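*Asks:* I'd like to ask you about the structure that follows.
FYI, it's all coordinate maths here, none of it is from the lab. This structure is a prediction, so every number in the text was calculated from the model and none was measured. Note that each Cβ is placed from the backbone with ideal geometry, even for glycine, and that neighbours are counted across all protein chains shown.
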Amino acid sequence: MPRVESSAIRAAIACIAQGISLEVFGRRDGSQLLYAAQVGMSTLEAIGAKKK
């Protein structure tokens, strides 16, 4: 898993999307990986909102 920062998560999303398009990941695995990235991004946004 990438470090918990937005640029690393965005890079992971790009890699996951490419893996899905190249059929490295099945639909279920790809969906789960993208969901994990979504949760990570949401967590970063929540942490950022608390700092303001």
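*Asks:* What are the pairs, 6+ residues apart or on separate chains, where a residue within the stretch 34-52 that is touching a residue at least 12 places away in the same chain (Cβ under 8 Å) and over 25 Å from Ser21 (Cβ atoms) has its Cβ under 8 Å from a residue that is in a helix (DSSP H, G or I) and among the aliphatic types (A, V, I, L, M)?
*Replies:* Going by the 8 Å Cβ cut-off, the qualifying pairs are Leu44/Ile9.
*Asks:* Quick check on my filter: what residues within the stretch 17-49 are within 8 Å of the chain's Cα centre (by Cα) and surrounded by 12 or more Cβ atoms within 10 Å (Cβ to Cβ)?
*Replies:* The answer is Leu33, Leu34, Ala36, Ala37, Gln38, Gly40, Met41.
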